[in-house]
Amino acid sequence: MNGSEDEQQLVYTVLVTGANSGLGFSTCCRLIDEFLHSRPQTQSLHLLVTTRSTSKNKDTQTRLHAHLQKTLLKADKGTPGISKVLASRIKISGEQVDLCNLRSVKELGKRLLDRGDRLDVLICNAGIGGWKGLNWPSAIWAILTDWRHACTYPTYKLGFVGAVAAQEGDETAPDQQLGEVFTANVFGHYILAHELSPLMKGGGSKEPGRIIWISSIEAYAHAFDAEDVQALKSDAAYESSKRLTDLLVLTSELPSTKMSTTAFLQEADKQQKPKMFLAHPGVCATSIADLPLVLWYAMLLAQYIARWLGSPWHPVSSYLGAVSSVWLSLAPFSSLSTQELTEGKAKWASSTDVFGNERVVRTEVGGWGWGGKVGEKADGKMRLSANRWRGQEDVTKESREEFEVLGQRVWRDMEKLRETWEDKLEA
Ligand SMILES: NC(=O)c1ccc[n+]([C@@H]2O[C@H](COP(=O)([O-])OP(=O)(O)OC[C@H]3O[C@@H](n4cnc5c(N)ncnc54)[C@H](OP(=O)(O)O)[C@@H]3O)[C@@H](O)[C@H]2O)c1
């Protein structure tokens with residue numbers, strides 16, 4: 001191995017989309033902190049942050065450098081002078097991408113491919129809610145009568161129906177439009193992951209790259225309709241996009257989806273394709289709920305009360321909410337693979353106890369359970385039975401089979417859609 005190859009291996013590159021606010025920004029802060037403490041001194045972190053504009057990117061990098069300085073100051077208090085060594089281990093750079101604009105996604109992919117640097121982790125964090133407001137009487141009633149459940153599984157959000165992201169050409173033509181929430185949350189990332197997968201291969205001394213998808217506790221099975229993958233006819237486009245994310249990732253290693261995933265991840269001989277992981281942050285107070293300041297603080301208080309009432313799904317702070325995706329980014333690859341191999345592929349959640357002590361736990365997914373195994377019960381999995389969505393049913397042989405069949409179908413549909421749009425963009 002020559003010198004430059006050796007050097008490259010010591011740089012661990014993580015790309016985070018939507019890094020300028022909420023969970024994206026906190027994920028970057030947490031990556032810096034945990035990388036410096038958990039990885040050997042010989043390794044450095046290259047944090048590649050994407051935003052929608054150059055000004056947001058500049059501002060994000062400035063704030064991340066300020067965070068790094070704080071971390072270094074703390075380290076210096078423990079071991080005087082250590083900050084110089086630590087500072088040289090973090091590099092932050094930026095890129096622009098609008099995930100609703102597939103041309104912009106392809107261009108980012110091309111820029112990074114042309115550069116040819118290895119990518120170890122892609123965190124598909126950016127996302128939108130697509131909500132126009134709340135049904136206030138219903139919200140107040142639900143929260144006052146059923147606080148913990150209503151703050152975890154809200155039924156009072158009002159979503160836009162039929163919102164589209166217009167692509168280039170005749171923007172009013174239906175064949176130049178895609179579901180907005182679907183594209184921001186899933187399809188833009190889907191194209192990006194496909195484009196970047198050649199930079200994320202494993203083989204030789206390199207472990208496969210990790211593609212981490214951010215889902216939600218609200219990824220209800222009933223919100224997704226396979227006949228309307230883009231959720232254009234639904235008023236729950238957000239929940240639909242998150243259920244689609246769950247279906248794609250949890251079935252990504254099954255033999256039944258292999259044909260689609262091989263094409264999607266551009267698998268080639270003797271190279272290991274990147275591995276997809278699924279995470280969700282629990283419920284956190286961020287700007288995704290676009291509320292006036294006073295109401296935002298009311299939401300913050302309501303979320304803390306839900307935690308104090310025993311909800312394990314209320315990290316509230318986005319730094320705590322980032323624990324699952326950062327763990328999936330930095331934990332030894334072999335230990336993650338072994339856990340998913342022995343106990344089944346999981347939706348890894350950020351969770352806290354009543355005092356805000358964080359932990360990463362498996363989350364129940366409709367039709368899949370905690371690891372795709374029939375017969376698992378909620379009991380014993382950290383009191384989750386008490387915090388389960390009320391419509392949730394135990395996994396049966398039939399529901400597990402249905403989940404896999406649906407997974408196979410959405411993989412096929414997504415691959416078809418990717419090919420269609422790649423042809424359009426090339427033309
Ligand atoms: N907050 C929660 O409780 C919660 C719970 C479950 C899951 N999540 C998930 O966590 C992720 C982050 O959400 P958040 O709560 O941190 O929300 P947020 O503070 O609103 O951050 C969303 C980020 O995504 C970016 N973004 C939105 N549309 C984009 C597009 N078309 N192209 C590129 N970037 C785009 C935003 O950029 P701009 O600033 O330019 O708009 C922003 O940086 C989302 O996937 C969300 O679904 C959040």
Checklist outcome for this item: Note, segment 77-94: 3J(HN,Hα) by Karplus (6.51, -1.76, 1.60, θ = phi - 60°), whole Hz, Gly/Pro = x, goes 5, x, 10, x, x, 5, 4, 4, 5, 5, 4, 6, 8, 10, 10, 10, 9, x
Checklist entry - Expressed in nm to one decimal, what extension gain is obtained for the pair Lys91 and Leu73 from 0.36 nm per residue of sequence separation less their Cα-Cα distance? => result 4.7 nm
Checklist entry - Largest first, what is the accessible-area ranking of Thr42, Thr363 with a 1.4 Å probe? => result Thr42, Thr363
Next on the checklist: As a test, work out the antiparallel percent of DSSP beta bridges whose residues both lie in the chain, rounded to the nearest 5.
Outcome noted: 35 percent
Next on the checklist: On a 1.4 Å probe surface of the protein chains, which of Thr172, Thr352, Thr338 comes out largest in accessible area, and what is the full order?
Outcome noted: Thr172, Thr338, Thr352
Next on the checklist: For a quick check, take a GNM of the chain with Cα springs below 10 Å and name the residue from Val326, Val294, Val16 with the largest mean-square fluctuation.
Outcome noted: Val294
Checklist entry - Taking a probe of 1.4 Å, how large is the accessible area per residue of the chain, in Å²? => result 45 Å²
Checklist entry - Say each of Arg103 and Ala268 gets a label point 7 Å from the Cα, pointing the same way as Cα to Cβ; how far apart are those two points in nm? => result 2.9 nm
Checklist entry - What shape does segment 1-149 take by its C-alpha gyration tensor, where a ≥ b ≥ c are the square roots of the eigenvalues and a/c under 1.5 counts as rounded, a/b above b/c as prolate, and the rest as oblate? => result oblate
Item to check | For the chain, projected area of the alpha-carbon convex hull averaged over all directions, nm² | outcome: 21.5 nm²
Checklist entry - Using modelled backbone amide H atoms (1.01 Å from N, in-plane), which distant-in-sequence or interchain residues come within less than 5 Å of Lys347's amide H? => result Thr363
Item to check | Per residue, the convex hull volume that the Cα atoms of segment 290-334 enclose (Å³) | outcome: 84 Å³
Item to check | Separation in nanometres of the label points that stand 7 Å from Cα toward Cβ, at Lys377 and Glu343 | outcome: 1.8 nm
Next on the checklist: Rounded, prolate or oblate for segment 98-154? Axes are the square roots of the Cα gyration tensor eigenvalues, ordered a ≥ b ≥ c, and the cut-off for rounded is a/c under 1.5.
Outcome noted: oblate
Checklist outcome for this item: Of every hundred units of 1.4 Å-probe accessible area on the chain, the number belonging to carbon and sulfur atoms, as a percent, is 56 percent
Next on the checklist: Output wanted: per-residue J couplings in Hz (rounded whole) for segment 212-225, from phi through Karplus 6.51 cos²θ - 1.76 cosθ + 1.60, θ = phi - 60°, x for Gly and Pro.
Outcome noted: 9, 9, 9, 9, 8, 5, 8, 7, 5, 4, 5, 7, 10, 10
Checklist entry - Under the classification rounded if a/c is under 1.5, otherwise prolate if a/b is larger than b/c and oblate if not, where does segment 146-252 fall, given a ≥ b ≥ c as square roots of the Cα gyration tensor eigenvalues? => result oblate
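The values are calculated or read from the model by the stated rules, or taken from the named source; none is laboratory data. Model, not experiment: these values are computed from the prediction. No Cβ is skipped: glycine too gets one built from the backbone with ideal geometry, and neighbour counts run over all protein chains shown. In case anyone asks, the SASA skips ligands and DNA or RNA and just uses the protein heavy atoms, side chains included. Shrake-Rupley method; radii C 1.70, N 1.55, O 1.52, S 1.80 Å.
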